[in-house]
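J.: Structure provided below as structure tokens; questions to follow.
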Amino acid sequence: MTRRGTPLTILSVVGARPNFMKLAPIARRLAERRDVRHFIVHTGQHYDRELSDVFLEELGLPPPDENLAVGSGSHAQQTAAIMERLEPVCERMRPQIVLVYGDVNSTVAAALVAAKLGIRVGHVEAGLRSGDWSMPEEINRVVTDRLSDLLFTPSRDAGDNLRAEGVPTERIHFVGNVMIDSLVALLPRLRGRNGRGRREDGRRPYVVVTLHRPSNVDDPDTLCGLLQVLAELSDDRQIVFPVHPRTRARLRAIGWQPPGDRMALLEPVPYRDMLRLVMGSDLVITDSGGLQEETTFLGIPCVTVRSTTERPITCTEGTNRLVAPRGDALRRAAREAWGRRRDTPPRIERWDGRAADRIADVLCDGASFR
Ligand code: UD1
């Protein structure tokens, strides 16, 4: 409740695939509170069913209250379209808090609109830094955090980053990893009898691959070098590769075909199926942020094809290893890593399935988590 006894109005703005698993546990907690009205706005940054609606349905999220349907475009076009269309929604709904998630274009666009209207901004997954200013996500993270009043961090290093940038300590809440909340909620249904996840029917040992960062897929030479190594690795382990639309377009442009059925190219995979695939795999090769965390939580080796990460805890305490986007580096790292699954996964502080509870406590009851 606000001080005047009216319900607190919170508006969550999401738009791209990795936002939805961060929103779901928070939406559930807020739906349980009588003193809160929670609205969801989907910007439409992702619009293909497999990247959007499938996730909302699987996660039990209600249909968004508004869909801004901005679609694809250059960064400026997409950011500007979200801002233009979100402003009147905020003026009409008059939320006290706008919640934004992660580091996509929808995140920074919504934070800018809210901050300029004088609405408090809460950033879920604040404080992550790769130090790589050539990544659009790094720009989004830094700007969003600068605009935020409530900064919900997943790990202690994220809080340290924010304090080093001068963010007052009282704005920072170390709540834990809200994406792991979604994973924890599903785990009982995902685990096979051996507790490690079922291997897909009849599949032999396999490696899951996802690549979609511009730095890996936009330059044909870089992409061809990585594909060459994946083709070589498929002699030893089957490769299962759900392909993001950006990557699909690049593969089409260079006329690439998989070398045989040891390398299976799939359409983007729904959330639960993806977790099942990962849980049954020997190794994940990726450039995704979320998979670095999910593999760490599950104790599955991960090779991240990037020279930096905003999630260093997955390397220092988890199962993640970074490699530059070069064929030789990837080949060596993959061969060293596969089969090294941990029976006891690492335990990371506050990656415990309760991050959304803490966020709701901060939003509704003024709690603080240091
Ligand atoms: C975005 C995020 C990235 C995140 C990724 C997860 C930014 C800057 N990037 O990257 O951090 O890891 O989402 O997927 O916000 N497209 C489709 N269908 C869709 C959406 C996109 O075909 O539903 C194609 C379009 O050709 C589009 C391209 O994918 O131009 C890229 O989409 P965009 O949302 O700009 O960035 P992502 O690469 O998905």
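The values are calculated or read from the model by the stated rules, or taken from the named source; none is laboratory data. Keep in mind that what you see is a predicted model, and the values were worked out from it rather than measured. Note that we place each Cβ from the backbone using ideal geometry, even for glycine, and neighbour counts take in every protein chain shown. What goes into the accessible areas is simple: the full protein's heavy atoms, side chains included, and nothing from ligands, DNA or RNA. Shrake-Rupley method; radii C 1.70, N 1.55, O 1.52, S 1.80 Å.
J.: How much FRET efficiency would the formula 1/(1 + (r/R0)^6) give for R146 and D35, where r is the Cβ-Cβ distance and R0 is 30 Å, rounded to 0.05?
T.: The pair R146/D35 has a calculated efficiency of 0.50.
J.: Largest first and in whole Å, what are the equivalent-ellipsoid semi-axes of region 1-69 based on the Cα gyration tensor, each being the root of 5 times an eigenvalue?
T.: Semi-axes (√(5λ), whole Å): 25, 12, 8.
J.: Please compute the per residue accessible area over region 1-147 with all protein chains in place, 1.4 Å probe, rounded to a whole number of Å².
T.: 43 Å²
J.: A follow-up question, please. Once phi is turned into ³J(HN,Hα) by the Karplus curve 6.51 cos²θ - 1.76 cosθ + 1.60 with θ = phi - 60°, what whole-Hz value does each residue of region 340-357 show in order, with x for glycine and proline?
T.: 9, 5, 8, 6, 10, x, x, 10, 9, 4, 6, 9, 10, x, 10, 5, 5, 4
J.: Would you mind counting up the charge near G118? Only other residues with Cβ under 14 Å from its Cβ, with Lys and Arg at +1 and Asp and Glu at -1.
T.: Here the count lands on 0.
J.: Taking the Cα-to-Cβ direction at R342 and at E317 and moving 7 Å from each Cα, how far apart do the two end points lie in nm?
T.: 1.0 nm
J.: What angle, in degrees between 0 and 90 and rounded to the nearest 10, separates the Cα long axis of helix 17-31 from the longest principal axis of the Cα atoms of the chain?
T.: That works out to roughly 40 degrees.
J.: Principal axis extents for region 261-330, Cα atoms only, whole Å, descending order, please.
T.: Each principal axis gives a Cα extent; for region 261-330 these are 30, 27, 18 Å.
J.: Give me D for region 58-211 in µm² s⁻¹, whole number, from Stokes-Einstein with Rh from the Kirkwood sum over alpha-carbon pairs, 20 °C and 1.002 mPa s.
T.: In µm²/s, the coefficient rounds to 120.
J.: If amide H atoms are built 1.01 Å from N in the plane of the peptide, which residues on other chains or at least 5 residues away come under 5 Å of the amide H of L283?
T.: Under 5 Å from the amide H of L283 lie the amide H atoms of V208, each far enough along the sequence or on another chain.
J.: Limiting things to C-alpha atoms, what are the Rg and the maximum Cα-Cα separation (Dmax) for region 191-341, in angstroms?
T.: 14.3, 43
J.: Sticking with this one: For the Cα atoms of the chain, what angle does the longest principal axis make with the long axis of helix 75-93, in degrees from 0 to 90, nearest 10?
T.: Helix 75-93 sits at roughly 30 degrees to that axis.
J.: Determine the gain in length on full extension of the stretch R163-Q77; use 0.36 nm per residue of separation and subtract their C-alpha separation, reporting nm with one decimal.
T.: Contour length minus the Cα-Cα distance gives 27.7 nm.
J.: Then there is this: What does a probe at Y47 reach in region 86-126, counting residues whose amide N is under 20 Å from the point 7 Å along Cα→Cβ?
T.: Within reach of a label on Y47: 86-89, 104-110.
J.: Taking the Cα centre of each part, how many Å lie between region 105-153 and region 33-52?
T.: 18 Å
J.: Now for a different question. Heavy-atom accessible area of W133 with all protein chains present, probe 1.4 Å, nearest 10 Å²?
T.: Solvent-accessible area, nearest 10 Å²: 150 Å².
J.: Just to check I understand the Karplus step: with θ = phi - 60° and J = 6.51 cos²θ - 1.76 cosθ + 1.60, what whole-Hz values come out for region 164-172, glycine and proline as x?
T.: For region 164-172, the Karplus-derived couplings read 5, 8, x, 6, x, 3, 5, 7, 9 Hz, x marking Gly and Pro.
J.: If you don't mind, there's one more thing I want to ask. What ³J(HN,Hα) values, in whole Hz, does the Karplus curve 6.51 cos²θ - 1.76 cosθ + 1.60 give for region 221-233 when θ = phi - 60°, with x put for Gly and Pro?
T.: The phi angles translate into 5, 4, 4, 5, x, 5, 5, 4, 5, 4, 4, 5, 4 Hz.
J.: If you don't mind, another one. Determine the sum of side-chain charges near V108: Lys and Arg each +1, Asp and Glu each -1, restricted to other residues whose C-beta is under 14 angstrom from that of V108.
T.: That sum, taken over residues with Cβ under 14 Å, equals -2.
J.: Determine the relative contact order of region 1-93: mean sequence separation of Cα pairs under 8 Å and six or more apart, normalised by residue count, in whole percent.
T.: Here the relative contact order equals 26 percent.
J.: Next up: When the accessible area of the chain is split by element with a 1.4 Å probe, what percent falls to carbon and sulfur?
T.: The value for the chain is 47 percent carbon and sulfur by accessible area.
J.: Taking only the alpha carbons of the chain, what extent do you get along each of the three principal axes, in Å, biggest first?
T.: Principal extents (Cα only, largest first): 67, 42, 39 Å.
J.: Run the quick spin-label model on E57 and R252: label points 7 Å from Cα toward the beta carbon, then report their separation in nm to one decimal.
T.: Spacing of the two 7 Å Cα→Cβ label points: 2.4 nm.
J.: Now for a separate question. Using only the alpha-carbon atoms, how far is helix 327-337 inclined from the longest principal axis of the chain? Give it as 0 to 90 degrees, nearest 10.
T.: Tilt relative to the chain: about 90 degrees.
J.: Projecting each Cα onto the charge dipole of the chain (Lys/Arg +1, Asp/Glu -1 at the beta carbon, about the Cα centre), which of L68, A264, L183 comes out farthest on the positive side?
T.: L183
J.: Another question about this same structure. If you count only protein heavy atoms and use a 1.4 Å probe, how large is the accessible surface of E66, to the nearest 10 Å²?
T.: That residue has around 50 Å² of solvent-accessible surface.
J.: For the residue pair E84 and I139, what label-to-label distance in nm results when each label sits 7 Å from Cα along the Cα-to-beta-carbon direction?
T.: About 1.9 nm, to one decimal.
J.: Over region 234-370, calculate the relative contact order: mean separation of alpha carbon pairs under 8 Å at least 6 apart, over the residue count, as a percent.
T.: Relative contact order for region 234-370 comes out at 18 percent.
J.: For the chain, what does -39500 (n - 2.57) per DSSP helix run (n ≥ 4), summed and divided by total residues, give at 222 nm, in deg cm²/dmol to the nearest 500?
T.: Value at 222 nm, helices only, nearest 500: -13000 deg cm²/dmol.
J.: For the chain, what relative contact order do you get, as a whole percent, if you take Cα pairs closer than 8 Å and at least 6 residues apart?
T.: 16 percent
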